[in-house]
Amino acid sequence: MAAKTPLKATFDGSSNVTGLAEFVGADFVAVADGGTGVATITSGGVVVGAGTSAVTSNKAAPSGDFVGTTDSQTLTNKTLTTPTLTTPVANAGIQLKNGATSAGFLEFFEDSDNGTNKVTLIGPASTADVTVTLPASADTLVGKATTDTLTNKTLTTPTITTPVVNAGMDLKNGATSAGFVKFFEDSDNGTNAVTLIGPASTADVTLTLPAATDTLVGLATTDTLTNKTLTAPALTSPTVATSIDLLARAEIRFKDADSSHYIGFEAPATVSSNLIWTLPAEDGSGGQVLKTDGSGGLGWVSASGGGSGSSFPNSTIQTLPGKSSNYDLSFNAAQNTQETPFDSGATDAFGVNLGTVFSLMDPIGTVEGTGASDGGLDLGAFS
């Protein structure tokens, strides 16, 4: 059936109908008269009404179904420019892209009427896909540079700069070894380290650090200790650079071979002034004994001498003579050195020697009885 050309009324200058005529290309029917108000419609366009005004048709018709403002529909391959979404639900993933400007991001505005401030969650400048898994329970995320308190976290090989621990710290190494802390040397690479490690202990042990700046010492290191009290120490070949104080008449003991007995020295109960004896620089001869010079200096002298110039001053016989021979009191106990009449070379103003005359003539001992029958000791003949 051929297309029909609509007719229109023709009018004279006084708006009187004069007849009928066919529509021409520029003619149209007004919207008020049931028409579109336009002479042509865009090919493939969608007619959109505008009240009593002429319709428009510059919208291209979609290839699929029309979408209503209140319809529930699934949109595919749609680009939403600055949309306002109220409680959206994404049944799968969401891809956030920002073209070549920056990484995709989400902005979380503050809880206020105007939402002035916001937190932006943005993707990194990454060259590979990265998956970040959120906590499975209600929690607060922490930032890399924020100050937060973390609870029940396990840090694997962390790098911690100037950490502050407000309570204790537990260092564990599983079943591998005891927990430890490594202090690396002061260098750029920190090659060598000192390791502070827990012992193979079966009970808790607490070590208290010094309360003042100091340096710790090791069990096998060589160190100088200051103001330390050692209780029952076992010292092997100790070296003392200054002095040793034995308090409250503490004894110095020299044990025998099996350490069962000892000999020793102790200070007297009361000392009026400090006194130091200086030992001789060399060993003495056989039979010599130590003497003092009255100023703390010790030296070696012969056992039969007293120290005023000869071998016999102020001496007494320490060995009784036998009864089988004579005994000369002017000789020493061994009868091989004779005493001079005067033991001092000093003289008075008149030239008289001041020494002692024959000081050996003082035999000591006890003689009980005078005869052989009562056990008396025969001193022999004296000259």
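For the reader, a short list of remarks on this structure follows.
- Complete set of residues in region 251-271 that are among the small types (Gly, Ala, Ser) and farther than 21 Å from Ser237 by Cβ: Ser260, Ala267, Ala269
- Enumeration of residues in region 236-284 that are within 30 Å of Ala220 (Cβ to Cβ) and of a type in the set (Val, Ile, Thr): Thr236, Thr239, Val240, Thr242, Ile244, Ile252
- Of all residues in region 52-95, those satisfying the criterion of being part of a loop (DSSP other than H, G, I, E, B) and in contact (Cβ under 8 Å) with a residue 12 or more places away in the chain are Thr52, Ala61.
- Those strands (runs of 3 or more DSSP E) of region 182-278 in which 3 or more residues are closer than 30 Å to Lys291 by Cα occupy 252-255, 262-265.
- Test for Ser63: is it surrounded by 10 or more Cβ atoms within 10 Å (Cβ to Cβ), modelled with pLDDT under 75 and of a type in the set (S, T, N, Q): no
- Check on Phe66, aromatic (Phe, Trp, Tyr) and within 23 Å of Val47 (Cβ to Cβ): yes
- Looking across region 14-50, the residues that are more than 21 Å from Lys4 (Cβ to Cβ), exposed (fewer than 10 other Cβ atoms within 10 Å of the Cβ) and in contact (Cβ under 8 Å) with a residue 12 or more places away in the chain come down to Ala32, Gly44.
- Scanning region 221-230 for any residue that is closer than 30 Å to Ala178 by Cα and among the hydrophobic types (A, V, I, L, M, F, W, C) turns up at least one such residue.
- The C-beta contact set for region 126-153 (first residue surrounded by 10 or more Cβ atoms within 10 Å (Cβ to Cβ), second residue part of a loop (DSSP other than H, G, I, E, B) and of a type in the set (D, E, K, R), distance under 8 angstrom, 6+ apart or interchain) comprises Val142/Asp148.
- Unique residue being farther than 20 Å from Leu246 by Cβ, touching a residue at least 12 places away in the same chain (Cβ under 8 Å) and outside the structural domain of Asn336 (by TED's automatic domain parsing) when the list is Gly284, Gly294: Gly284
The values are calculated or read from the model by the stated rules, or taken from the named source; none is laboratory data. Predicted, not measured: the structure shown is a model, and the values here were computed from it. Methodologically, a virtual Cβ is constructed for each residue, glycine included, from the backbone with ideal geometry; neighbour enumeration extends over all protein chains shown.
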